[in-house]
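**Q** One structure, as structure tokens, below. Some questions next.
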Amino acid sequence: MDELKQIKRAQRGDSQAMAQLLQAHYSFLMKYLIKMTMNPALAEDIAQETMLRCIEKIHLYNGKSKFSSWLITLATRIYIDQMRRTKVEKQWKNQEQALRRTEWQVKARLAEWTDAMHALTRLGYEWRLPILLKHYYGYAYDEIADMMDIPPGTVKSRIHHGLQQLRKELTIDEKE
Amino acid sequence: MKRNRREQEGLCDLNKHVHAHAESVHEEPSAEDQALIAQLLHGFDQMEQAIRQPEPPPLHELEQLIAGEKRKLRKRAGLEVALFLVIALTLIGGNMLLASINIVVFAAIQGLVFVAMIAFAVRFFYRAKKKVKSGHA
């Protein structure tokens, strides 16, 4: 209820309410972005961009979904746009460096970096994103379709093929 | 906030797949998929625990960011309106001048623009329809 009031105030142009909203959702957004990009530096950039987009588009938020889901939608679209703009070669180089850092961070905390996670990092973002949104965050196909701006059928097939690809990668790893 | 909707609304996908009989067989993950998904969930959990809690920026910094962004948006909106007015006035002025000089040329240009717009609209509609059919975004 409080959040709804804050959103209404933010939509009327109250900067303080907007700042409180952004602050309350920052950690959640960053955690999602780190899992999505697997690159903390890129996650921070996208979080910043998402906050700016949120300030610009807050009047378009209609309350149909939760505010956090709406933020995820903005962040996902920004990430997809950014990935499309960046050249594949540069993307891969940056991603490799970031992955090594993330993997090191996870291992340093004595946590196990599973083979499945390793395989997931090698999967393209088009397949990784719907898998994360569906299986970790529990969104429905239609919601993911809306977030990624693709038809629900494409979401289903990407999840299906993404999992297939992951299994293939894991089999290759086992053989090696 | 962890696992947002999954925890708050009990939408854990694996459980959902077990209980949601309404979903078609095609959507049911196989045993292999379920094991893989469980591994992934475990990996994401580990990641969530390993990466330090992201510190939200202080309120005053956010307020500054908002104020700066609003200023930028206002400036952009002003520029857009100015640009729109300049283009609109140029077009209207040019057309009025042309109509006063030579009405035949004016009518011919108007006709051409009208036909070109119809052709563009038809092409756009046809392409959009084709995109939906092929299932690409």
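FYI, it's all coordinate maths here, none of it is from the lab. What you see is a predicted model, and the numbers here were worked out from it, not measured in a lab. We place every Cβ from the backbone using ideal geometry, glycine too, and count neighbours over all the protein chains shown.
**Q** Residue-wise, which Karplus ³J(HN,Hα) couplings in Hz belong to the stretch A:52-62, taking 6.51 cos²θ - 1.76 cosθ + 1.60, θ = phi - 60°, and x for glycine or proline?
**A** 5, 5, 5, 4, 6, 9, 4, 5, 8, 6, 10
**Q** I would also like to ask the following. Can you tell me the alpha carbon radius of gyration of the stretch A:1-86 divided by the globular rule-of-thumb value 2.2 N^0.38 Å? Present the calculation step by step, with values, prior to reporting the outcome.
**A** Numbers: Rg = 12.8 Å, N = 86, 2.2 N^0.38 = 12.0 Å.
For the stretch A:1-86, the normalised Cα radius of gyration comes out at 1.07.
**Q** Take A:LYS57, A:LYS31 and order them by how many other Cβ atoms sit within 10 Å, fewest up front. Walk me through the numbers before you get to the answer.
**A** Values: A:LYS57 11, A:LYS31 21.
Neighbour counts put them in this order, fewest first: A:LYS57, A:LYS31.
**Q** Sorted by average packing, counted as other Cβ atoms within 10 angstrom per residue and highest first, what order do B:70-78, A:38-46 take?
**A** Numbers: B:70-78: 11.3, A:38-46: 19.3.
Packing proxy ranking, top to bottom: A:38-46, B:70-78.
**Q** Still on this structure, please answer the following. Using the Karplus curve 6.51 cos²θ - 1.76 cosθ + 1.60 with θ = phi - 60°, work out ³J(HN,Hα) for each residue of the stretch A:28-36 in order, rounded to whole Hz, and write x for Gly and Pro.
**A** 3J(HN,Hα) across the stretch A:28-36, in whole Hz: 4, 4, 5, 5, 5, 5, 5, 5, 6.
**Q** Next up: Could you go through the stretch B:71-78 in sequence order and give the Karplus-derived ³J(HN,Hα) for each residue, using 6.51 cos²θ - 1.76 cosθ + 1.60 with θ = phi - 60°, rounded to whole Hz, and x for Gly and Pro?
**A** For the stretch B:71-78, the Karplus-derived couplings read 4, 4, 5, 4, 4, 5, 5, x Hz, x marking Gly and Pro.
**Q** Ok, one more. What order do you get for B:PHE44, B:PHE125 when you list them from fewest to most C-beta neighbours inside 10 Å?
**A** Values: B:PHE44 21, B:PHE125 10.
By the 10 Å Cβ count, ascending: B:PHE125, B:PHE44.
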